[in-house]
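The values are calculated or read from the model by the stated rules, or taken from the named source; none is laboratory data. Everything numeric here is computed off the predicted structure, so don't read it as measured data. Every residue, glycine among them, receives a Cβ derived from its backbone with ideal geometry; neighbour counts consider all protein chains shown. For accessibility, only protein heavy atoms count, side chains too; no ligands or nucleic acids. Shrake-Rupley method; radii C 1.70, N 1.55, O 1.52, S 1.80 Å.
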Amino acid sequence: LGYVDRETPSAIRIYAATFADKDAIADEIAAYNASVPEEQHITYTDYVALLMSSITTIIQAISYVLIAFVAISLGVSSIMIGIITYISVLERTKEIGILRAIGASKRDVANVFNAETLIEGLASGALGIAVTLLLIIPINAIVQHLTGIASLRAILPTSGAVALILISMLLTYIAGLIHS
């Protein structure tokens, strides 16, 4: 039903034992293709690379969706912080009056509320980090139990935690400035 010539095969399947071997095979094919005319090039399909590319694309799409949810949450929380700051100003008119009576400028009064928003940002950021650190413990246990991979675990680097707290403080400060 067909003609087979061992000197000119139409397809060869190569199964590499490791990713390093797979990369070495791809490098050898690329080197061969660079040394021969185009009609003698070897075409190959790396199914592992295709699969990993598909997985990477899916993970990126999920990340973008999560980023959108975070952005919406930050917008809503900034509005809430502004409302809280505004209500705080309205409810403390007596305190503001006393501060103004003893010589505080409008800027000094504004600094009091700005300091409060920074403290709110510090407290909420620290609370968020504490909850994250507490949730990492059971999440790591579940993931390790389900996968059987002991080295697979989530961590929160100290520098990341500090950066998140600073971002929380900055966002609450900006929200307080905008709405106060």
- line: Of the residues in the range 32-47, those that are within 32 Å of the chain's Cα centre (by Cα) and either open to solvent by 60 Å² or more (accessible area, probe 1.4 Å) or at positive phi (or both) come to Thr45, Tyr47
message: Between Ser78, Ser54, which is surrounded by 10 or more Cβ atoms within 10 Å (Cβ to Cβ), assigned to a helix (DSSP H, G or I) and modelled with pLDDT of 90 or more?
response: Ser54
message: Could you check the range 95-104 and list, in sequence order, the residues that are open to solvent by 80 Å² or more (accessible area, probe 1.4 Å) and either small (Gly, Ala, Ser) or in contact with a Ser or Thr (Cβ under 9 Å, 6 or more places away or on another chain) (or both)?
response: Ala101
Evaluation of Ala101 against (1) more than 33 Å from the chain's Cα centre (by Cα); (2) farther than 30 Å from Gly121 by Cα (one fails), failing number: (2)
- request: Could you tell me which of the residues Ala49, Ala130, Ala126 is among the small types (Gly, Ala, Ser) and over 20 Å from Gly160 (Cβ atoms)?
  value: Ala49
Among the residues listed as Arg6, Arg107, Arg92, Arg13, the single one being surrounded by 12 or more Cβ atoms within 10 Å (Cβ to Cβ), basic (Lys, Arg) and either under 30 Å from Ile167 (Cα atoms) or without any contact (Cβ under 8 Å) to a residue 40 or more places away in the chain (or both): Arg92
field: Residues being closer than 12 Å to Leu74 by Cβ and not aliphatic (A, V, I, L, M) - total across the range 152-177
entry: 2
- prompt: Do you know which residues across the range 110-131 are hydrophobic (A, V, I, L, M, F, W, C), over 28 Å from the mean Cα position of the chain (by Cα) and open to solvent by 50 Å² or more (accessible area, probe 1.4 Å)?
  reply: Val112
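Okay, residues lined up against (1) of a type in the set (D, E, K, R); (2) closer than 30 Å to Gly128 by Cβ:
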{"residue": "Phe19", "(1), (2)": "no, no"}
{"residue": "Lys22", "(1), (2)": "yes, no"}
{"residue": "Thr85", "(1), (2)": "no, yes"}
{"residue": "Glu91", "(1), (2)": "yes, yes"}
field: the range 8-32, residues that are β-branched (Val, Ile, Thr) and modelled with pLDDT of 90 or more
entry: Ile25, Ile29
Condition broken by Ile29, with the remaining ones in (1) of a type outside the set (Phe, Trp, Tyr); (2) open to solvent by less than 80 Å² (accessible area, probe 1.4 Å); (3) within 30 Å of Met169 (Cα to Cα) satisfied: (3)
task: Select from the range 16-51 the residues that are β-branched (Val, Ile, Thr), in contact (Cβ under 8 Å) with a residue 12 or more places away in the chain and not in a helix (DSSP H, G or I) and list them in ascending order.
output: Ile42
- prompt: When you look at Ile72, is it open to solvent by 60 Å² or more (accessible area, probe 1.4 Å), assigned to a helix (DSSP H, G or I) and of a type outside the set (S, T, N, Q), yes or no?
  reply: yes
